[in-house]
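Accompanying notes for the structure given below.
The values are calculated or read from the model by the stated rules, or taken from the named source; none is laboratory data. Keep in mind the model is a prediction, meaning the values are calculated, not measured. Glycine also receives a Cβ, built like all others from the backbone with ideal geometry; neighbour counts cover every protein chain displayed. In case anyone asks, the SASA skips ligands and DNA or RNA and just uses the protein heavy atoms, side chains included. Shrake-Rupley method; radii C 1.70, N 1.55, O 1.52, S 1.80 Å.
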Amino acid sequence: MTHASFFAGRELIDEEFKTLPDEHIATRPAIHFDGGQPRCNRCNNTTNFASHPCARCGNICTYCRNCIEMGKISSCTTLYTWIGPPPEHHENAGTLHWTGTLSAGQKTASSNVERAICHSSEHLVWAVAGAGKTEVLFQGIASALSVGKRVCIAAPRSDVVRELAPRLTTVFPDTPPAVLYGGSPDRNTYSPLVIATIHQLYRYYHAFDVLIVDEVDAYPYTFDRSLQFAVQKARKPESALIYLTATPHAEWQSEVKKGKREATLIPARYHRHPLPVPKTEWCGNWKKTNVPKNVLLWVKAKVEEGQRLLIFYPHIDTMEKALPLFKEIDLRIESVHAADPLRKEKVAAMRRQEIPVLLSTTILERGVTFPGIDVAMIGAEDAVFTESALVQIAGRAGRSADYPTGEILFFHYGKTDAMMKAIRQINEMNRLGIERGLIDR
Ligand SMILES: [Zn+2]
Ligand SMILES: [Zn+2]
C-alpha cells in the first residue's frame, strides 16, 4: 500500500501508522487552546476534558474524553493529514452493475440526487419505509466515481453499515467499498467508495466530494453535536451532502413544506400499495399486569391463525416480565434487546420463520425486514416511542409485495401527541402517493 492510499483523506495520530512519509504531510495540534480554553480538533468538544501525567511527554497533559474511544488524544498529540496527490482510481470506477428498475418516485429522487452531487449541493431524500432509498443513490454515486470523486455513505449504526456493504459491493464491483465500523477488518483499506459509521468520520479530514448520511433522524446523530461536526469535517469544503430518512424531525418537515430545504419526497412504497395505517387500542396499566388481557387474546388469535408478529416494548424489564406469559401461548416465542448475546441468532431465526412472535425493544425499529408480519406496540404512550420511532416501527409491516397489508396496533394507556402525529404522517403519505399516481387503488 502506498503512502497516498494509506493517508489520503484521513487525519491520524502517531499510534495509527507505522511510518510517516518524508513529504506531503501537514500537521496540526490535536487540542487547540484559545485563551487557555481547550477545543478538540478531532471532535470539536470544548467541555469534556481531563488531565493526567502523560507517559508520552512527561508533562501534565489535557486529553479529550469525548472521542477517547477512537484512541486517546492529548495536548501533546499531533494530527497528520496527507496533502500530496490523491490515489488514482480504477478506470471502471463508475461502472454501475445493476439491472433493476426504479419506481416512478425513485426515478425523480435519483435524478435530483445526481444533480445535487454534480453541483456539490445539499439534498434531502424523504422516502417512506419500503420505498427503496438505497437504489436512489446508485446513479449519483456512479457519476461521481466516474469523474474521480470520492464518496462516503455514513450511517449512525453499524448494523446498517454491514447491511449496505454487500449491496454496494455487488453494484460497484470495480470499486468494492471500504467498510468501516468499530473493529472492522477494512480499517486501513483505501477505496474511492467508503461505507462507515458516523463515528469513523472523526478520522477523516476534507476527504469526500460526496457525503451521504443515511438514517439522519436516528439516535445518536440527532443528539450529538460532535457527530454532526464529524460529518462537516470529513467532507471537502466544496462537496455534496445528501441526507436520507423515512422520518425527518419536525423542523426539517416544516422546512420542506415551506420550500426552504431542497428535498425529494417518495411517499409510496416500491410495490405501489399504501402504507398500512396503525390502529390504537387502550390496554390499561400494562406495567402492572405485565401483559393486558386484550393483548394476550390478540396474540393468541394471531398465533392460532399462523400469523407471525413483532411486538415492541419500551423497556427491557417490562418485556422480560411479559415473556413467560407469552411463552404460555407458544414456547417458541422469544425476546431480544441490544445487549442480548443471541441477538443476531434470534433475528435470523425470525427471518427463517422459526419464531412465531418476537418481542423487541426499539433496536428493531428500523433496518429490518421480516416479510408478512403484523406489528404491535405495548405502551405506545411511552416517551421512547417518538413520532419518528412510531412511524419507523409501523414501517416494518406490509413491506413485501406478497403481503403488502399487515396490521399495526398501538396498545396504550393514554393516547399521546406522538401517536396521533405518526398516524397523521402515514395518512398524509398515502394521500400524496395516490395524488401523485404512485399507489394503485
Ligand atoms: Zn475529541
Ligand atoms: Zn503529553
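Among the residues of region 149-156, is any modelled with pLDDT under 95 and not assigned by the TED database to the domain that holds residue 367? Checked region 149-156: at least one residue is modelled with pLDDT under 95 and not assigned by the TED database to the domain that holds residue 367. Looking at 399, 431, just one residue is open to solvent by less than 70 Å² (accessible area, probe 1.4 Å) and assigned by the TED database to the domain that holds residue 372, and that residue is 399. Out of all the residues in region 71-87, which are over 30 Å from the mean Cα position of the chain (by Cα) and more than 11 Å from ligand 1 (Cβ to nearest atom)? Of everything in region 71-87, those that are over 30 Å from the mean Cα position of the chain (by Cα) and more than 11 Å from ligand 1 (Cβ to nearest atom) turn out to be 75, 76, 78, 83, 84, 85. The selection criterion, being of a type outside the set (Val, Ile, Thr), open to solvent by less than 40 Å² (accessible area, probe 1.4 Å) and either out of contact with any Phe, Trp or Tyr (no Cβ under 6 Å at 6 or more places or on another chain) or modelled with pLDDT of 95 or more (or both), holds for residue 340.
Of the strands (runs of 3 or more DSSP E) entirely within region 50-152, those holding at least 1 residues that are touching a residue at least 24 places away in the same chain (Cβ under 8 Å) and within 16 Å of ligand 2 (Cβ to nearest atom) occupy 60-64, 78-82. Kindly check whether there is at least one residue in region 159-179 that is modelled with pLDDT of 95 or more, in a strand (DSSP E or B) and in the same structural domain as residue 232 (by the TED database). The answer is yes, given that some residue of region 159-179 is modelled with pLDDT of 95 or more, in a strand (DSSP E or B) and in the same structural domain as residue 232 (by the TED database). State whether the residues of region 189-210 include one that is among the charged types (D, E, K, R) and either farther than 29 Å from residue 364 by Cα or surrounded by 22 or more Cβ atoms within 10 Å (Cβ to Cβ) (or both). Scanning region 189-210 turns up at least one residue that is among the charged types (D, E, K, R) and either farther than 29 Å from residue 364 by Cα or surrounded by 22 or more Cβ atoms within 10 Å (Cβ to Cβ) (or both). Scanning region 243-282 for residues that are open to solvent by less than 20 Å² (accessible area, probe 1.4 Å) and charged (D, E, K, R) turns up just one, 269. Exactly one residue out of 142, 104 is open to solvent by less than 60 Å² (accessible area, probe 1.4 Å) and within 18 Å of residue 176 (Cβ to Cβ), and it is 142.
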